[in-house]
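Working notes, beginning with the structure itself.
The values are calculated or read from the model by the stated rules, or taken from the named source; none is laboratory data. What you see is a predicted model, and the numbers here were worked out from it, not measured in a lab. Cβ coordinates were reconstructed from backbone atoms using ideal geometry, including for glycine residues, and neighbour counts include every protein chain displayed. Keep in mind that these areas ignore ligands, DNA and RNA; they rest on the heavy atoms of the full protein, side chains included. Shrake-Rupley method; radii C 1.70, N 1.55, O 1.52, S 1.80 Å.
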Amino acid sequence: MKNYLTAIVANREGEIFDLDGYAAVGMSSSELTPLTHEKTQDLPFGSELMLLPDRIPVLFNLSSGKFESLSKNPFDESEDIFPVAAFNSPGYVVSNVSAYEERPAASFLPLFSYGGVGLSGDSFRSSVVLIDSEKRQDLREMPEEKVRSGAKELKKLMKDNRLREHITKCALDYGCPAAKNFFLGRFEAPLPTSKSCNARCLGCISLQDNSEIPHCQNRIVFTPTPSEIAEVALYHINRVKNSVVSFGQGCEGDPLMATDVIIPAIKMIREKTDTGTINMNTNASIPSKIEELFDAGLDSIRVSMNSVREDCYNAYYRPKGYTFKDVLESISVAGKKGFVSINYLNSPGVTDSTDEVDTLFNLLSKDSINQIQWRNLNYDPLRYWESMGTCKDSIGMDNLIEKIKKNFPKLTHGYFNPPKERFKG
Ligand code: SF4
């Protein structure tokens, strides 16, 4: 029986149960794979299991040896059943999506990733590869009451700072781990600044023009001043060892639209200290501004992309007024001035497809990129594969990561923005 994981499904009430005689199945674009114990990991702490509405699970029937789409519980034909997927904790790369088919009434799934999951004995096992074990966003290390008391303390210290006020809402209302870490004095603090963006990502979490999909949080509605930014950044840098402060958060547009306040803010920070790492998460669409930012004192950039193939990039980012060539130019400019990572929004079947891998190897051989941050794409998988078009012959996410490590040994892999103390790996 190859140690297959037992299939788990949910009923309409959201109760999850296992189905004897059926194995759990993962999908990578059009490919289906029964999940095995060897190729999965214990469900990471802090992960969530989700029922997929208006969808039918695809399972593997152990006696017939065939894949089956089951809308009814085979042991109780009166009961509808639904697929179950895992939304895995940070640091784990999804290698297979939970296998399912849409029912006719299906609408878009919300902005999460939907990993394959099954049961082995009494434990849930997830179809993931561990890529970063740092506890930066481990909820066990982020007690809510400490976040609240930290926010109260900072309110006294920075009463009129609107950015501090905004980050408080992010931490306490949206549960943003980066905002929580600011109030806990850990690792990386967020510096959201930009009200606008020159891209229209299908899966944008701060602005959705596709009414079927709710966005996760509202975009910042004001532009903080350089002093407000510097005050928040310096407070974090002065109290956290190997600290990182980052522009480009989920609650804003792209920071390159706000360099008029960011560049003076970076200069104010660097006038006071050269400790701490100043990072920018960005779509890197304007090479000239990237150059200015590094000259002002920026240490690193993280360039977001769902694909290194222009057509797939354009289909997802829907850029306004820039091209993928501008993004590649920005990477080359930044590669001469600081640390560059790509925020690789991965989806099995697209990211590990042979065309994508060949193009990625070509980009990596240019030596401007220091790190790949593997981020599961939070978007409806079937609808995403549809918008990406046919992707041929996927090699498997685990094989892809191993292949890159073998061919580009200097390149580092992770999930989080490293402090400059760790730029050399
Ligand atoms: S680049 Fe960022 S802010 Fe802009 S549309 Fe994409 S996800 Fe949204």
Handout entry: Contact order normalised by residue count of the chain, Cα under 8 Å, 6+ apart, percent
Key = 14 percent
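Which order do the peptides 23-34, 350-361 come out in when sorted by mean C-beta neighbours inside 10 angstrom, highest first?
Values: 23-34: 22.1, 350-361: 19.8.
Descending mean neighbour count gives 23-34, 350-361.
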Fill in the blank from the handout: Distance in nm between D358 and R103 label points, each 7 Å along Cα→Cβ, equals 4.2 nm
Practice task
Would you please give the FRET efficiency between D42 and K152, computed as 1/(1 + (r/R0)^6) with r the Cβ-Cβ distance and R0 = 35 Å, to the nearest 0.05?
Solution key: 0.40
Problem - Principal axis dimensions, largest first and in whole angstrom, of the chain by Cα - result: 70, 48, 38
Exercise for the section: Rounded, prolate or oblate: pick one for the range 48-118, where a ≥ b ≥ c are the square roots of the eigenvalues of its C-alpha gyration tensor, a/c under 1.5 means rounded, and failing that, prolate if a/b is larger than b/c, else oblate. Expected result: oblate
Problem - DSSP-defined beta bridges in the chain - what % are antiparallel, rounded to 5 - result: 60 percent
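For the chain, what is the accessible area per residue in Å² when the probe is 1.4 Å? Let's see the in-between values first.
Values: 17830 Å² over 425 residues.
For the chain, the per-residue accessible area is 42 Å².
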Fill in the blank from the handout: Cysteines of the chain without any disulfide-compatible partner (other Cys Cβ under 4.7 Å) are C197, C216, C251, C312, C391
Practice task
Run the quick spin-label model on L130 and L172: label points 7 Å from Cα toward the beta carbon, then report their separation in nm to one decimal.
Solution key: 3.6 nm
Exercise for the section: Starting at the first residue of the range 240-245, write each ³J(HN,Hα) from the Karplus equation 6.51 cos²θ - 1.76 cosθ + 1.60 with θ = phi - 60°, in whole Hz, x for Gly and Pro. Expected result: 10, 5, 6, 6, 10, 10
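For K337 and K424 in one chain, what is 0.36 nm times their gap in residues minus the Cα-Cα distance, to one decimal in nm?
Numbers: separation 87, 0.36 × 87 = 31.32 nm, distance 1.45 nm.
Length difference between fully extended and current span is 29.9 nm.
Under the classification rounded if a/c is under 1.5, otherwise prolate if a/b is larger than b/c and oblate if not, where does the range 39-197 fall, given a ≥ b ≥ c as square roots of the Cα gyration tensor eigenvalues?
Judged from the Cα gyration tensor, the range 39-197 comes out prolate (a/c at least 1.5, a/b above b/c).
Could you calculate the contour length gain from T225 to K405, that is, 0.36 nm times the residue separation minus the distance between their Cα atoms, to one decimal place in nm? Present the calculation step by step, with values, prior to reporting the outcome.
On the way: separation 180, 0.36 × 180 = 64.80 nm, distance 4.20 nm.
Roughly 60.6 nm would be gained on extension.
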Exercise for the section: Name the most mobile residue of N210, N314, N281, meaning the one with the largest mean-square fluctuation, in a Gaussian network model of the chain with Cα contacts below 10 Å. Expected result: N210
Fill in the blank from the handout: Sequence order, the range 191-205: Karplus ³J(HN,Hα) from phi using 6.51 cos²θ - 1.76 cosθ + 1.60, θ = phi - 60°, Hz rounded, Gly and Pro as x, gives 10, x, 9, 9, 7, 9, 8, 9, 10, 9, 4, 4, x, 4, 8
Problem - Potential lengthening between L32 and S365 on full extension [0.36 nm per residue; Cα-Cα distance subtracted] - result: 116.7 nm
Practice task
Treating cross-link reach as a plain straight distance, find the aspartates and glutamates whose alpha-carbon is under 15 Å from the alpha-carbon of K72, omitting any fewer than eight places away in the same chain.
Solution key: E13, E15, D18, D20, D54, D80, E101, E102
Completion exercise
Carbon and sulfur atoms account, in whole percent of the 1.4 Å probe accessible area of the range 6-130, for 50 percent
Handout entry: Ranked packing of 85-91, 257-263, 177-183, most packed first, by mean Cβ within 10 Å
Key = 177-183, 85-91, 257-263
